[in-house]
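So the structure is just underneath, and the comments pick up after that.
The values are calculated or read from the model by the stated rules, or taken from the named source; none is laboratory data. Keep in mind that this is a model prediction, so the values were computed, not measured. Note that each Cβ is placed from the backbone with ideal geometry, even for glycine, and that neighbours are counted across all protein chains shown.
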Amino acid sequence: MKISTFATRAALVALLGFALTACGSTAQESAVVVAPTEQSVLADSKEGSAGESSNSYGLPDCTGQDSGSCSYAGFNPAVDGFSFENWGGAGNLGATDLIAMFGRNKVCASGSGNECVLYPAAQQWVDQVNESMSGGHCEGMAVTSELIHGGYLAPSDFDPAAKTTFDLAQDNPVVSGTIEYWFATQNVEPVQRAYQAFHKKEPSQIAAELALGLKSGAGYTMGIYAPDGGHALTPIAVTNEGDLIAIHVYDNNYPGTVQRIMIDPRSERWSYGAGSTNPQAPTNGWEGGIGTIELTPMESRLQTPFPAPFTDKKGGGKTSQLMLTSPDPDARLGVLLTIDGKVYDTRDSSVVLPAGVNIRSTVGSSPVLLGNWMSMTIDRDQVGPFAAEIARQGDETAPIPVTMSIDDPTSPRVTLRAIDDDQGAIVFDVARDGALDLKRAAATSAAVNVANGLNSANFPLPDGVNMRVLPFENGVAEIGFFDEDDRLIGEFPLSDESESGAVTEIQAEFQLGEDGELGYFEVTEEEVAPEEVDEGELSWLKELNEAGEAYEGNNNSGDDNGDDNGSDTGGSDDSADDNTGGSDDSADDNTGGSDDSADDNTGGSDTGSSDDSADDNTGGSDETDKVAEVEE
């Protein structure tokens, strides 16, 4: 879908031809890029705009500048950005938002009109996405501000009295709800594909493509990644600053200001001294090269209905998706990933992940920008058995709540909620066929939810007991409880159907058997009540996404054809094959090669490919060639 409406907001921008140029062809001795010491001639402040100050650059002024030096789309953070800072706190996404993203038939097991009973897998997914916002909403703020600037939305859509985005208040539920909706889109396949496409590109190439896009009226968000996590920004301009390239950004941690990411095209390194225009300001680790900076074109977020990451896909590629979150905004999390006996520490930005593995980490709301949660996609066509162990960042040892889940196309969705006391491992051990062994230290308090079809089963794990969830067969997933010696002590078959035909919440308390006999489960069941659907919001999102077919004629009333909607069942319902199951091909960017520039881990790419990156790497001596490649 073409983004034609962005051009209407870019009417005041001169449509200039653009070719980034760089002086010199030898890399600097230092890999750290700093801003030029002299004040840029492109940084003149304008009345009523973000002006030059100790913590803000001025807006670019392209007047009289040649097409190879300045590209600016007219975004002013003091007008088009939010007046409030990025904030932490769990989100409130629900059925309305999921219907808008994925379509009613993919998420609602029953209900019609203004009611919906979510499939358990959909409910567990959205609960965890809401939890992931505890550390901040940077992605949603970056997207929403650009959508308003691009003309998709208007400030008056949120508040009739608002004339600009800067007029909007964070405590307005329409504002916060919209930010949360767009935050969640980073977890869906078209968006994952879009940003992963930039992981093999050099920073100067990304700047060139951004400049061309801004010139034509396209909109983007930008992701940058460092050892402590990732951050989402709104890029607003590209300029030449002496021998360096500056990407001007709206950073929602610094309202009303213009920040800059500096790129050295000779070394293909970038740096970001957030919140300061001092060229000697520390970057606090915010610097990198290939694979640590990316763009997400806005059009990738408008391709609803998205394939649901919590649904089953029969045949074709297979992707396991892991998500690690915490309700504690101060938690700093990562994963130790073991494949073929080799351990990959995702907390280390220098680690090159193997082909088929992508990670995405997100920072908290603090300007310190530390990682708060992460997601991982693993292409099972390229990766066999693997183990994922929760790991902390830093030296913190106090107990923290953690949530780790896995969506695998052959098995139910499994969600672990535990208190990590840093005294023992919490591990997901995943077999080639999708069987999951969930292991944790004996003293670790934990509970597990298994979502299969209409059933949401909750299992508190007694001390010294681990769990195994087998792939489903004819819609039934066998769940086994094992003692510390790996002896089977209890079994629970979980069907994708319920006796009542309704979505059912199951509480299953395990009781140890006597004299070596298998234990048993004390079970209580309760039907899940429908959630109210906001038809007005759905109509608005329908117009925004130009995807009316996702919302029309999708009543579930009287429909007993489950469509495997969000169920992860893999059962016998032949209609399940319309559920795409997320981003099975999204990980194919990762070649796992040996590129020495592979400080590209935290962005979820870790390409490290010597053949791909080398073909693109001209050493920065002729940026016009790179722009020409983009234009072709």
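Output the number of the condition that G242 fails; it satisfies all remaining conditions of (1) of a type outside the set (A, V, I, L, M, F, W, C); (2) on the phi > 0 side of the Ramachandran plot; (3) modelled with pLDDT of 90 or more; (4) crowded, with 24+ Cβ neighbours inside 10 Å.
Only one criterion is unmet by G242, namely (4).
Need at least 3 residues that are not aliphatic (A, V, I, L, M) per element, so show me which helices (runs of 4 or more DSSP H) inside the stretch 61-127 make the cut, counting only ones lying wholly within it.
On the way: elements: 77-80, 95-102, 104-107.
Helices (runs of 4 or more DSSP H) meeting the threshold: 95-102, 104-107.
Filtering the stretch 512-531 down to residues that are surrounded by 11 or more Cβ atoms within 10 Å (Cβ to Cβ) and at pLDDT below 95, which residue is farthest from P305 (Cα to Cα)?
Here the answer is G513.
Tell me which residues, restricted to the stretch 172-218, are β-branched (V, I, T), part of a helix (DSSP H, G or I) and more than 25 Å from M262 (Cα to Cα). Full working, then the answer.
As a first pass, look at the stretch 172-218 and keep what is β-branched (V, I, T): 174-175, 178-179, 185, 188, 191, 206.
Among the residues that remain, those that are also part of a helix (DSSP H, G or I) are: 174-175, 178-179, 185, 191, 206.
Listed by number, the residues that qualify are V174, V175, T178, I179, T185, V191.
In the stretch 476-499, which residue that is outside any strand (DSSP E or B) and either basic (K, R) or at pLDDT 95 or above (or both) is farthest from A109 (Cα to Cα)?
Going residue by residue through the stretch 476-499, those that are outside any strand (DSSP E or B) are 483-487, 496-499.
Filter once more, so that each one left must be either basic (K, R) or at pLDDT 95 or above (or both): 487, 496-498.
Values: R487: 37, D496: 12, E497: 11, S498: 12 Å.
Checking each candidate, the answer is R487.
Conditions first: (1) in contact with a helix residue (DSSP H, G or I) (Cβ under 7 Å, 6 or more places away or on another chain); (2) closer than 30 Å to G151 by Cα; (3) among the aliphatic types (A, V, I, L, M). L544 passes all but one, so which condition is the exception?
Against the list (1) in contact with a helix residue (DSSP H, G or I) (Cβ under 7 Å, 6 or more places away or on another chain); (2) closer than 30 Å to G151 by Cα; (3) among the aliphatic types (A, V, I, L, M), L544 comes up short only on (1).
Quick grid of which residues meet (1) of a type outside the set (G, A, S); (2) out of contact with any Cys (no Cβ under 6 Å at 6 or more places or on another chain); (3) over 23 Å from G519 (Cβ atoms):
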site: D421; (1), (2), (3): yes, yes, yes
site: I426; (1), (2), (3): yes, yes, no
site: V430; (1), (2), (3): yes, yes, yes
site: G434; (1), (2), (3): no, yes, yes
site: A441; (1), (2), (3): no, yes, no
site: S445; (1), (2), (3): no, yes, no
site: G464; (1), (2), (3): no, yes, no
site: M467; (1), (2), (3): yes, yes, no
site: F482; (1), (2), (3): yes, yes, no
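Considering only residues that are closer than 17 Å to R413 by Cβ and surrounded by fewer than 19 Cβ atoms within 10 Å (Cβ to Cβ), which ones fall in the stretch 477-492?
Going through the stretch 477-492, the residues closer than 17 Å to R413 by Cβ turn out to be 477-479, 492.
The answer is E478, and nothing else.
Mind listing just one residue for me: the one in the stretch 453-465 that is modelled with pLDDT of 95 or more and either among the acidic types (D, E) or in a strand (DSSP E or B) (or both) and, of those, surrounded by the fewest Cβ atoms within 10 Å (Cβ to Cβ)?
The selected residue is P460.
Kindly establish whether G89 is within 24 Å of the chain's Cα centre (by Cα) and on the phi > 0 side of the Ramachandran plot. Steps first, answer last, please.
Working: within 24 Å of the chain's Cα centre (by Cα): yes; on the phi > 0 side of the Ramachandran plot: yes.
For G89, the condition - within 24 Å of the chain's Cα centre (by Cα) and on the phi > 0 side of the Ramachandran plot - is met.
Taking the criterion of being charged (D, E, K, R) and at positive phi, would at least one residue in the stretch 512-520 satisfy it? Spell out the reasoning first.
Of the stretch 512-520, the ones charged (D, E, K, R) are 514-515, 517.
Going one step further and asking which of them are at positive phi, we end up with 515.
Yes, the conditions are met somewhere in the stretch 512-520.
Would you mind stating whether G223 is more than 20 Å from L541 (Cα to Cα) and either touching a His at 6+ places or on another chain (Cβ under 9 Å) or not in a loop (DSSP other than H, G, I, E, B) (or both)? So that I can check it myself, show each step before the final result.
Details: more than 20 Å from L541 (Cα to Cα): yes; either touching a His at 6+ places or on another chain (Cβ under 9 Å) or not in a loop (DSSP other than H, G, I, E, B) (or both): yes.
So G223 passes the test.
A quick yes/no check of all residues on (1) hydrophobic (A, V, I, L, M, F, W, C); (2) touching a strand residue (DSSP E or B) at 6+ places or on another chain (Cβ under 6 Å); (3) buried (at least 17 other Cβ atoms within 10 Å of the Cβ); (4) at pLDDT 90 or above:
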| site | (1), (2), (3), (4) |
| --- | --- |
| A398 | yes, no, no, no |
| M404 | yes, yes, yes, yes |
| R413 | no, yes, yes, yes |
| D421 | no, no, no, no |
| D433 | no, no, no, yes |
| L436 | yes, yes, yes, yes |
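Looking only at residues in the stretch 128-171 that are outside any helix (DSSP H, G or I) and among the aliphatic types (A, V, I, L, M), which one is surrounded by the fewest Cβ atoms within 10 Å (Cβ to Cβ)? First the steps, then the outcome.
If we filter the stretch 128-171 for residues that are outside any helix (DSSP H, G or I), which is where we start, we get 136-137, 150-154, 159-164, 168-171.
Going one step further and asking which of them are among the aliphatic types (A, V, I, L, M), we end up with 153-154, 161-162, 168-169.
Values: L153: 18, A154: 12, A161: 9, A162: 18, L168: 24, A169: 13.
Here the answer is A161.
Can you tell me which residues in the stretch 232-271 are in a strand (DSSP E or B) and acidic (D, E)? So that I can check it myself, show each step before the final result.
Applying the first criterion (in a strand (DSSP E or B)) to the stretch 232-271 yields 232-241, 244-250, 258-264, 269-271.
Matches in the stretch 232-271: E241, D264.
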